[in-house]
Amino acid sequence: MTDATVDSLAAARAAIDIHTRLVPDFPKPGVDFKDLTPVLADPDGLAAVVTALTHDCGDIDLVAGIDARGFLLGGAVARELGVGVLAVRKAGKLPPPVHARTYDLEYGTATLEIPAGAIALHGRRVLLVDDVLATGGTVVAAAQLLRTAGATVSSIAVIMELAGLGGRAAVGRELGEATVVHTLTTD
């Protein structure tokens with residue numbers, strides 16, 4: 001790990017520690033929600049997080065950000081890396097035709113979509129970006145969706161991993177053990 005990587009990770013982790021807001025009993029009783037919105041609203045925090053997410057992502061052609069905080073991060077990371085960005089949207093937000101993937105959540109199901117044909121994805125190396133890796137369902141569905149369109153998901157980068165929920169194991173099981181998951185902090 002280079003000194004620049006170590007420094008950017010330290011700055012990002014400090015910003016996360018300072019600005020993350022704990023919201024008890026959200027979205028349901030007994031759950032303590034870690035709100036990263038204040039981290040992204042702080043200019044130094046945003047800069048530190050974005051720079052840290054760009055390290056160790058490998059050689060990529062495109063960044064894909066997952067609806068919705070992944071859009072904020074994905075655009076900023078793509079700009080810093082000098083590549084384009086693709087929004088992985090919730091169902092019904094894109095004009096047809098689309099590629100879609102439905103997956104299970106803790107509370108039901110959800111569907112993610114990307115444009116079909118409007119953006120050439122075949123053979124492109126993609127960095128998949130989101131704010132949190134929890135159970136892994138959303139990240140796995142997004143990666144499978146991109147693969148269906150012919151892209152290669154080179155790596156996955158998130159701000160926070162909720163280690164007790166098994167997301168990293170789900171990524172390894174569903175996408176292959178070689179899939180690189182880069183997290184800035186683990187809770």
Point to revise | Test result for Thr138, open to solvent by 50 Å² or more (accessible area, probe 1.4 Å), outside any loop (DSSP other than H, G, I, E, B) and either hydrophobic (A, V, I, L, M, F, W, C) or within 22 Å of Lys28 (Cβ to Cβ) (or both) | key: no
Review point. Within the range 30-62, can you find the residues that are more than 23 Å from Ala10 (Cα to Cα), among the β-branched types (Val, Ile, Thr) and either surrounded by 23 or more Cβ atoms within 10 Å (Cβ to Cβ) or touching a residue at least 60 places away in the same chain (Cβ under 8 Å) (or both)?
Key: Ile60
Exercise for review: Among the residues of the range 138-166, count how many are of a type outside the set (A, V, I, L, M) and touching a helix residue (DSSP H, G or I) at 6+ places or on another chain (Cβ under 7 Å).
Suggested key: 1
Exercise for review: Scan the range 147-171 for residues that are among the β-branched types (Val, Ile, Thr) and touching a Leu at 6+ places or on another chain (Cβ under 7 Å) and report the count.
Suggested key: 4
Point to revise | strands (runs of 3 or more DSSP E) wholly inside the range 67-132 that include at least 2 residues being in contact with a Lys or Arg (Cβ under 7 Å, 6 or more places away or on another chain) and either open to solvent by less than 30 Å² (accessible area, probe 1.4 Å) or not small (Gly, Ala, Ser) (or both) | key: 108-115
Check your understanding: Is it true that Ala151 is without any contact (Cβ under 8 Å) to a residue 40 or more places away in the chain, under 16 Å from Arg89 (Cβ atoms), crowded, with 24+ Cβ neighbours inside 10 Å and aliphatic (A, V, I, L, M)?
Key -> no
**Study point:** Residue in the range 146-167 that is in a loop (DSSP other than H, G, I, E, B), touching a strand residue (DSSP E or B) at 6+ places or on another chain (Cβ under 7 Å) and within 24 Å of Leu81 (Cβ to Cβ) present
**Key:** yes
Check your understanding: If you go through the range 154-161 one residue at a time, do you hit one that is in contact with a Cys (Cβ under 8 Å, 6 or more places away or on another chain) and of a type in the set (Ser, Thr, Tyr)?
Key -> yes
**Study point:** Residues of the range 1-21 that turn out to be surrounded by fewer than 12 Cβ atoms within 10 Å (Cβ to Cβ) and at pLDDT 95 or above, as a count
**Key:** 2
Review point. Failed condition for Val181, given (1) open to solvent by 50 Å² or more (accessible area, probe 1.4 Å); (2) under 27 Å from Ala10 (Cβ atoms); (3) in contact with a helix residue (DSSP H, G or I) (Cβ under 9 Å, 6 or more places away or on another chain), with all others met?
Key: (1)
Point to revise | Members of the range 8-41 that are among the charged types (D, E, K, R) and not in a helix (DSSP H, G or I) | key: Arg21, Asp25, Lys28, Asp32, Lys34, Asp35
Review point. Being open to solvent by less than 30 Å² (accessible area, probe 1.4 Å), without any contact (Cβ under 8 Å) to a residue 12 or more places away in the chain and of a type outside the set (A, V, I, L, M), is that true of even one residue in the range 165-176?
Key: yes
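The values are calculated or read from the model by the stated rules, or taken from the named source; none is laboratory data. Predicted model only: the values in this text are computed from it and were never measured. We place every Cβ from the backbone using ideal geometry, glycine too, and count neighbours over all the protein chains shown. Ligands, DNA and RNA are excluded from the accessible area calculation, which covers all protein heavy atoms including side chains. Shrake-Rupley method; radii C 1.70, N 1.55, O 1.52, S 1.80 Å.
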